[in-house]
Amino acid sequence: DTEVTQTPKHLVMGMTNKKSLKCEQHMGHRAMYWYKQKAKKPPELMFVYSYEKLSINESVPSRFSPECPNSSLLNLHLHALQPEDSALYLCASSQDLWVGEQYFGPGTRLTVT
Amino acid sequence: GQNIDQPTEMTATEGAIVQINCTYQTSGFNGLFWYQQHAGEAPTFLSYNVLDGLEEKGRFSSFLSRSKGYSYLLLKELQMKDSASYLCAVRGNTDKLIFGTGTRLQVFP
């Protein structure tokens with residue numbers, strides 16, 4: 001199983017809403033990543049977890065809050081987002097931190113109204 | 001600074017061969033990845049090069065020259081389903097993946 005799953009596929013939220021994105025992998029990978037991708041742009045790294053601990057925060061605004069409840073799950077909690085936060089949010093995992101290729105989930109298409 | 005350059009768009013004909021180039025200037029080098037991304041979908045891993053030379057995987061091959069800061073992805077026997085964006089990504093000395101802006105390939109019948 002080389003699959004990373006993400007839910008929901010699409011999300012529309014207002015600027016005052018609170019929502020969460022979920023990511024799951026069952027490959028036994030110890031590193032998990034959140035990326036943000038705008039149209040026709042490459043993915044931009046947001047957060048990295050290694051062994052369930054936050055390893056990297058790429059100066060992401062606090063309205064994005066990551067959480068890693070266990071080695072298979074990664075959440076991204078969203079609160080008070082701005083319209084410019086609308087993007088495709090991709091989760092990825094790899095065997096270990098920066099080791100091996102990263103497997104990407106299908107992404108959540110987020111629209112902030 | 002960190003810089004990865006790829007052509008923005010390319011077109012090719014079904015059954016043909018296309019080469020997508022990638023040049024990079026990064027702080028350190030710990031490997032280069034090629035990913036394929038169809039519109040609205042996740043990137044999927046294609047190839048990895050860390051030593052100079054050619055890596056072949058079916059219809060896809062990837063080449064690396066570290067001294068020149070250069071790689072290419074070669075796609076043979078093009079199919080319509082190969083229409084996608086192709087992302088070159090370099091792992092620098094911080095080990096983070098630095099992505100190029102991607103090359104959008106359109107395959108015509």
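General remarks:
- In the condition set (1) modelled with pLDDT of 95 or more; (2) open to solvent by 20 Å² or more (accessible area, probe 1.4 Å), B:Tyr35 is compliant with all but (2).
- Filter pass, A:Val4 being open to solvent by 30 Å² or more (accessible area, probe 1.4 Å), in contact (Cβ under 8 Å) with a residue 60 or more places away in the chain and within 29 Å of B:Tyr48 (Cα to Cα): no
- At least 3 residues being over 27 Å from B:Thr101 (Cβ atoms) is the threshold, and among the strands (runs of 3 or more DSSP E) wholly inside the stretch A:1-105 those reaching it are A:18-25, A:64-70, A:73-79.
Here's the yes/no breakdown for (1) under 13 Å from A:Lys19 (Cα atoms); (2) surrounded by 21 or more Cβ atoms within 10 Å (Cβ to Cβ):
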{"position": "A:Phe64", "(1), (2)": "yes, no"}
{"position": "A:Ser72", "(1), (2)": "no, no"}
{"position": "A:Asn75", "(1), (2)": "yes, no"}
{"position": "A:His79", "(1), (2)": "yes, no"}
{"position": "A:Cys91", "(1), (2)": "no, yes"}
{"position": "A:Val99", "(1), (2)": "no, no"}
{"position": "A:Pro106", "(1), (2)": "no, no"}
{"position": "A:Leu110", "(1), (2)": "yes, yes"}
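- Some residue of the stretch B:11-29 being at positive phi and either more than 14 Å from chain A (Cβ to nearest Cβ) or modelled with pLDDT of 95 or more (or both): yes
- Among the numbered conditions (1) in contact with a helix residue (DSSP H, G or I) (Cβ under 7 Å, 6 or more places away or on another chain); (2) within 13 Å of chain A (Cβ to nearest Cβ), the only one that B:Tyr35 does not meet is (1).
- Single condition A:Gln95 does not satisfy, out of (1) touching a residue at least 40 places away in the same chain (Cβ under 8 Å); (2) buried (at least 17 other Cβ atoms within 10 Å of the Cβ): (2)
- Every residue from the stretch B:8-26 that is closer than 17 Å to B:Val90 by Cα and open to solvent by 50 Å² or more (accessible area, probe 1.4 Å): B:Asn21, B:Thr23, B:Gln25
- Evaluation of B:Ser61 against (1) open to solvent by less than 20 Å² (accessible area, probe 1.4 Å); (2) over 12 Å from the mean Cα position of the chain (by Cα) (one fails), failing number: (2)
- Some residue of the stretch A:35-45 being over 12 Å from the mean Cα position of the chain (by Cα), more than 9 Å from every other protein chain (Cβ to nearest Cβ) and surrounded by fewer than 17 Cβ atoms within 10 Å (Cβ to Cβ): yes
- Selection of the stretch B:22-50 for residues being assigned to a loop (DSSP other than H, G, I, E, B) and not aliphatic (A, V, I, L, M) yields B:Thr26, B:Ser27, B:Gly28, B:Phe29, B:Asn30, B:Gly31, B:His38, B:Gly40, B:Glu41, B:Pro43.
- Within the stretch A:18-34, if we keep just the residues that are open to solvent by 40 Å² or more (accessible area, probe 1.4 Å) and in contact with a strand residue (DSSP E or B) (Cβ under 8 Å, 6 or more places away or on another chain), the residue that is farthest from A:Gln95 (Cα to Cα) turns out to be A:Lys18.
- Some residue of the stretch B:47-54 being of a type outside the set (Ser, Thr, Tyr), surrounded by 17 or more Cβ atoms within 10 Å (Cβ to Cβ), at pLDDT 95 or above and within 30 Å of B:Pro109 (Cβ to Cβ): no
- The stretch B:55-65, residues that are of a type in the set (D, E, K, R), closer than 27 Å to B:Pro109 by Cβ and within 13 Å of chain A (Cβ to nearest Cβ): B:Lys57
The values are calculated or read from the model by the stated rules, or taken from the named source; none is laboratory data. Only a predicted model underlies this, so the values are computations on that prediction, with no experimental measurement involved. With ideal geometry, Cβ positions are generated from the backbone for all residues, glycine too; neighbour counts draw on all protein chains shown. Areas reflect the complete protein model, heavy atoms only, side chains present, ligands, DNA and RNA absent. Shrake-Rupley method; radii C 1.70, N 1.55, O 1.52, S 1.80 Å.
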